[in-house]
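The values are calculated or read from the model by the stated rules, or taken from the named source; none is laboratory data. Predicted model only: the values in this text are computed from it and were never measured. These area figures cover heavy atoms from the full protein model, side chains too; ligands, DNA and RNA do not enter into them. Shrake-Rupley method; radii C 1.70, N 1.55, O 1.52, S 1.80 Å.
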Amino acid sequence: MVRLFATDMDGTLLNDKSMITERTKQAIIKFKQMGGTFVINTGREFSNAKKELDIAGICCDLICANGAVIYDRYGDVIEEHPLSTELAREIVDILDFYEMYVDIYTNIGRVSIVPAFEVAKYYQEQVLPAYEKDGKLYFQMANALKEVFDQIIYFDGISQIFHSDIKIYKICSSSVNIERMKKVRKKCAMLSQVAMTYTSEYDIELTHEEAQKGSSLLHYAKRRNILIEDILVVGDSENDRSALSLPFGRTVAMGNATTEIKDISKEICGTNQNDAVACLLEQVCMEWEAQKKESYWHKRAV
């Protein structure tokens, strides 16, 4: 029986308007009321992920930055696996060599080591064209993109971060130049103690080797005394592989997932446009109700 329901956000829990539907919200609430544990398992940073949950009126624990840090529903850190200064420096050096933007997720939020105008240029020339090529629409309106820029904390170079108490959870970058991205991935794959993943052929995401969606979900479940066979995990892209490839009770790929992700999952559900996560939750709740009725009549018969 599913006791822990873990879901990715973009392309999974969120529809193509980056929203959690009312049906999904009600399904989450019912699952939790019946005693289930619902957790977000995302590549996003905490504040960015929490904002979407707050809009929908959902309160739950979150596994963020591809598993680099686990937060409780109040935003307190439960567990974290930051990159060491040495590893972070190696990653930054590689990205700098290939003239890639360094997007840094930390315990104080997203930070930049270049001025705001360079970040805007990066989004205009690399991020937004990559999203368009990949068919993603993360920024429906101009003010949504402005919110991202406003939340970034700017530093005068990477050394300023390295000589502080800031913890680096994830470093990522995007490029519409696929050949350049292949070279960057090949170089980063040679780093020890670093986990590399991505959501499309246009990006790269780097964390500590112990910071992956799969391993962090296992740690989270252990803390909640939940068995691996009682976990359902759902996702859609390569950065969900570490979770979907583990022997959880149910591993579900979205209908809009990549072929590779569908191939490693036990099940395939609908898409993020037709409330697939809500359907899964409703199904689980029905199974719970059926099991309770069966148990009730069994006791009556005895």
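Where (i) 40, 19, 16; (ii) 35, 20, 18; (iii) 47, 21, 20 are the candidate values, the label of the one calculated here for semi-axes √(5λ) of the Cα gyration tensor in Å is (ii).
Around the amide H of Arg110, modelled in the peptide plane, lie the amide H atoms of Ile153, all under 5 Å away and 5 or more residues distant in sequence or on another chain. Given 4 °C and 1.567 mPa s, how large is the Stokes-Einstein diffusion coefficient of the range 194-302 in µm²/s, with Rh as the Kirkwood radius over Cα pairs? In µm²/s, the coefficient is 83.
Between their Cα atoms, which of Lys183/Lys262; Lys262/Lys293; Lys51/Lys262 are more than 31 Å away from each other?
Distance filter (> 31 Å) returns Lys262/Lys293.
Legend: residues Met100, Met286, sorted from most to least accessible area (1.4 Å probe; ligands, DNA and RNA excluded), read Met286, Met100.
Figure note: Arg224, Arg110 ranked by solvent-accessible area, largest first, 1.4 Å probe, ligands and nucleic acids not counted: Arg224, Arg110. By a 1.4 Å probe calculation restricted to protein chains, Lys292 has an accessible surface near 120 Å², given to the nearest 10.
Per residue, the chain exposes an accessible area of 48 Å² to a 1.4 Å probe, with every protein chain left in place.
Of all aspartates and glutamates in the structure, the ones whose alpha carbon falls short of 16 Å from that of Lys186, not counting any fewer than 8 places away in one chain, are Glu90, Asp93, Asp96, Glu99, Glu201, Asp203, Glu205.
The overall shape of the range 13-142, judged from the alpha-carbon gyration tensor, is oblate: a/c is not under 1.5, and a/b is no greater than b/c. The Stokes-Einstein estimate for the range 200-257, based on a Kirkwood radius over Cα pairs and taken at 10 °C with 1.306 mPa s viscosity, is a diffusion coefficient of 130 µm²/s. Each residue was assigned an accessible area with a 1.4 Å probe, and for Tyr198 the value is about 70 Å². In the range 39-113, what percent of the accessible surface is made up of carbon and sulfur (1.4 Å probe, ligands and nucleic acids excluded)? It is 48 percent, rounded to a whole number. Our estimate of slack between Glu132 and Gln26, defined as 0.36 nm per intervening residue step minus the Cα-Cα distance, is 35.0 nm. Taking all protein chains together and rolling a 1.4 Å probe, Lys182 ends up with roughly 120 Å² accessible.
Taking each of Lys50/Lys167; Lys121/Lys266; Lys30/Lys213; Lys25/Lys266 in turn, the alpha-carbon distance tops 30 angstrom for Lys121/Lys266.
Which residue, Gly57, Gly214, Gly249, tops the fluctuation ranking in a GNM of the chain built on C-alpha contacts under 10 Å? Of Gly57, Gly214, Gly249, the most mobile in the Gaussian network model is Gly57. Looking only at Lys121, Lys17, Lys32, which one moves most when the chain is put into a Gaussian network model with springs between Cα atoms under 10 Å? Taking springs between Cα atoms under 10 Å, the residue moving most is Lys121.
Looking at the chain, do any whole DSSP H helices span at least 27 angstrom along their long axis by alpha carbon and average -1.0 or above on Kyte-Doolittle, and which? Span-like helices, by this rule, are 276-301.
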